[in-house]
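As C-alpha cells, the structure follows; a few thoughts come after it.
Any read-out appearing in this document is the output of simple, stated calculations on the displayed coordinates, not a laboratory observation. Since this is a predicted model, take the numbers as computed values, not measurements. Heads up, the Cβs are rebuilt from the backbone with ideal geometry, glycines too, and the neighbour counts pull from every protein chain shown.
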Amino acid sequence: MDRTKQIWVTSIFEVFEKMFYIFLEQVEIGGHYDMTAQISFRGPRNGRMRFFFPDNFARTMAMNMLNMEPDEISPVIVEDCLKESANMICGNFLRRFDTSQVFDLGLPQLAKKTGEIQSAPDSDCSIAAAFESDGEGFSCILTFQEEDAVR
C-alpha cells in the first residue's frame, strides 16, 4: 500500500501545483469541511476517491484555477472546480498506478455537507491523506473495493 499511497500523494501535489497554483504540505488527518467531492473508477481495480474541502480553501482553488477575483466566484463555480479537481486527481493517479491498464472514471459528484474529519488509518482497502497550504487544507480518502484491495 505504500507505493499506492506515494503515487496518490504525488498525483495530488502535481494537480494542485499545476492547476491551482497551490503548494501543499502533507499534514495529519483531521479538520472541518463544508463540501465533499467524489469520483469512482472501474477497471482492474475498482474504487472511489473522496475529498473533504472547507469553503475558504475551495474558493481559493476556484479563484486560482480561473484567475478570478473573490467577488466573481459563485457557488456553482466553486462546485464545478471541486468536481474537476477530483476528476484530474483520479485521472492522474490511475495513469501512474498502472499504465498498461484502462480504467473508466465515473462522473464527479459534489455534496454540500458539513462535518469534521476524524483520524482515518490506512488499511488494505483504504488510504487517507490530508494537506495544507497557508494554514488551510483538506482531507481525502482513496478506497478500493475489498476484493480489489492493494496489498
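Annotations
- Cβ-Cβ FRET estimate between residue 29 and residue 109, R0 fixed at 22 Å, reported to 0.05: 0.50
- Calculated from backbone phi, Karplus (6.51, -1.76, 1.60) coupling profile of the stretch 83-99 in Hz, x at Gly/Pro: 5, 5, 5, 4, 4, 5, 5, 4, x, 4, 4, 5, 4, 7, 5, 7, 6
- C-alpha long axis of helix 2-20 to longest principal axis of the chain, angle in °: 30 degrees
- Every Cα-Cα pair of the chain was included, and the share exceeding 26 Å stands at 20 percent.
- Sequence-distant contacts, meaning Cα pairs under 8 Å at least 6 residues apart, place the relative contact order of the chain at 37 percent.
- Mean sequence separation of contacting Cα pairs (under 8 Å, at least six apart), scaled by the length of the stretch 1-86, corresponds to a relative contact order of 25 percent.
- Residues whose placed amide H lies under 5 Å from that of residue 22, excluding near-sequence neighbours: 17
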